[in-house]
Amino acid sequence: MKKAALSFMSRFFLLSMLVMSVTACQDDLDDPRFTDSIVKAGIYASMGEWYFWNDKMPAKVELDAYTTYEDLLEALKYQELDRWSYLTTPDAFDKAFTGQNIGHGFGWGLAEDGNLYLTFVYDDAPAGKDGWKRGWKITRVNGKPIDDYKTNTGYNFQLGPAESGISNTFTFELPDGTTSTRTNSKAAYQANSILHQSTIAVNGKKTGYLVYNSFKATAGLKPTQSTEVEEALNKLEEEGISELVIDLRYNGGGSVRVAEQLMNRIIPGVADGSIMYTDQHNHNKREMNEHVYFKKKGNLSLNRIFFITSEGSASASELTINCLTPYMDVKLVGQKTYGKPVGAFPISDFNKHLKERNVELVPITFSTANADGTASYFDGFPVDYEAIDGISYDWGDPAEPRLAAALHYIETGSFPALSRKKPLPPSWLMIDDFEGLEKEFPVY
């Protein structure tokens, strides 16, 4: 073990010397070869310092052997477990985690009947401003039937890059049976994290229903918080709910700090001051390992909570489920979760060479465990009741299969008889193979 540590530190020292020697060559600052070398060295050094599985990195890497930074990162990743480390830019990362997007502003997916439906629409996006709704069936894209876009692995709709002014035309079949053709242009917009909020009466009880699409912070807020989360929970508290259903079916994660904010409002008062989670970093960063404790906020008084999930429910969604489980009766409805018990944060603030060259490295940097020690849930959390995603239903419809199952339990104390239908994989994975930021926040 000491030999391995020395070997790694030797490589890290040599890399640091390379960075300093290259930096000293001020006359070469405009040479693309300089940027290429310095960025590769920065990626390698940062992975060695911060990467959660840095002890699994290859012992020797020839940086010049990789034509792209992505190829280099792929070679450094621990392939057995790491499906998430990626490269982007500091600006793209900040915008994604605060919901600043460019596009039409919708999600779509295949239903069990093989038809394509809108799954969600952001309010202030071009699609939202045009009145699009979840549950609308898409029959044609740019004048062609949906099946014309089918490939061997899914669909390729060729909607163009995420740039303002790019237009596409969609034909919809609406819930009332009428058709509508809309031409919509991509534009910059602020995405809303909460897609729907309502209170449903069940046996004289008020049940809060919250569709939460991503753990995004409000742009400009420090420390990282979400005004949407605060306002939504304030409203549910004012309405006097005694049950709560949080819909995470499309929630791929986001900010851990926002997850903490949500949990501190939900947790029972008796758990105030108890361990929320324990995080663990690599052997270089052991001083960063810490316990995070619940700090009860507000007056919600809940003994149990229902989460609607899918294989797209990941990261901060699973952290929330895991942390609340030791203290509440947690019921999962829908489909098992994705399986990401590890997290990441951007590295450019710790490596000026990457920051100066507009490269953001986002490697897996820590893992978390709940108060019971549950940590390695790479296979995801199984559900208490399996139900299909009723994407032909609008949000809040009590007949939507997953919401209906949760409401049935609240009403009767048990779930309904299992349906013969089995949930499909996450709908967007059948349409596009998202990577990096898009994998965490899939949207068009």
Exercise. Given 81, 73, which one is farther than 30 Å from residue 167 by Cβ, touching a strand residue (DSSP E or B) at 6+ places or on another chain (Cβ under 9 Å) and open to solvent by 40 Å² or more (accessible area, probe 1.4 Å)?
Worked result: 81
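Has region 205-217 got at least one residue that is surrounded by fewer than 16 Cβ atoms within 10 Å (Cβ to Cβ), in a strand (DSSP E or B) and not polar (S, T, N, Q)? Reasoning before the result, please.
Step one: filter region 205-217 for residues surrounded by fewer than 16 Cβ atoms within 10 Å (Cβ to Cβ), giving 205-206.
In the following step, the residues that additionally are in a strand (DSSP E or B) were identified as 205-206.
This time we only want the ones that are not polar (S, T, N, Q), so: 205-206.
Yes, the conditions are met somewhere in region 205-217.
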Exercise. Which residues, counting only those in region 254-281, are free of Cβ contacts under 8 Å to residues at least 40 places away in the same chain and basic (Lys, Arg)?
Worked result: 265
Exercise. Restricting the first residue to region 151-162 and requiring it to be more than 21 Å from residue 102 (Cα to Cα) and part of a loop (DSSP other than H, G, I, E, B), which pairs with a second residue that is of a type outside the set (Phe, Trp, Tyr) and at pLDDT below 90 meet a Cβ separation below 6 Å and a spacing of at least six or different chains?
Worked result: 154/430; 154/431
For this session: Scan region 51-81 residue by residue and report those that are among the hydroxyl-bearing types (Ser, Thr, Tyr) and assigned to a loop (DSSP other than H, G, I, E, B).
Result: 51, 66, 67, 68, 78
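Just one of 103, 128 is within 22 Å of the chain's Cα centre (by Cα), modelled with pLDDT of 95 or more, buried (at least 18 other Cβ atoms within 10 Å of the Cβ) and not aromatic (Phe, Trp, Tyr); which is it? So that I can check it myself, show each step before the final result.
On the way: 103 fails: modelled with pLDDT of 95 or more.
Going through 103, 128 in turn, the sole match is 128.
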Exercise. Looking at this structure, is residue 399 at pLDDT 95 or above, closer than 25 Å to residue 123 by Cβ and surrounded by fewer than 19 Cβ atoms within 10 Å (Cβ to Cβ)?
Worked result: yes
For this session: Just give me the residues in region 282-301 being at negative phi, surrounded by fewer than 18 Cβ atoms within 10 Å (Cβ to Cβ) and in contact (Cβ under 8 Å) with a residue 24 or more places away in the chain, in sequence order.
Result: 283, 284, 285, 288, 292, 295, 297, 299, 301
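Give the residue that is most open to solvent (accessible area, probe 1.4 Å), with candidates limited to residues of region 335-352 that are more than 16 Å from residue 309 (Cα to Cα) and among the aromatic types (Phe, Trp, Tyr). Steps first, please.
As a first pass, look at region 335-352 and keep what is more than 16 Å from residue 309 (Cα to Cα): 342-352.
So of that shortlist, the ones also among the aromatic types (Phe, Trp, Tyr) come out as 345, 350.
Numbers: 345: 45, 350: 117 Å².
Selected residue: 350.
Matching residues to (1) open to solvent by less than 10 Å² (accessible area, probe 1.4 Å); (2) part of a helix (DSSP H, G or I); (3) in contact (Cβ under 8 Å) with a residue 40 or more places away in the chain:
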residue: 326; (1), (2), (3): no, no, yes
residue: 354; (1), (2), (3): yes, yes, yes
residue: 358; (1), (2), (3): no, no, yes
residue: 365; (1), (2), (3): yes, no, yes
Exercise. Among the residues of region 222-238, is any touching an Asp or Glu at 6+ places or on another chain (Cβ under 8 Å) and either surrounded by fewer than 22 Cβ atoms within 10 Å (Cβ to Cβ) or within 29 Å of residue 405 (Cβ to Cβ) (or both)?
Worked result: no
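The values are calculated or read from the model by the stated rules, or taken from the named source; none is laboratory data. Since the structure is predicted, the reported quantities are computational estimates derived from the model, not experimental observations. Methodologically, a virtual Cβ is constructed for each residue, glycine included, from the backbone with ideal geometry; neighbour enumeration extends over all protein chains shown. Ligands, DNA and RNA are excluded from the accessible area calculation, which covers all protein heavy atoms including side chains. Shrake-Rupley method; radii C 1.70, N 1.55, O 1.52, S 1.80 Å.
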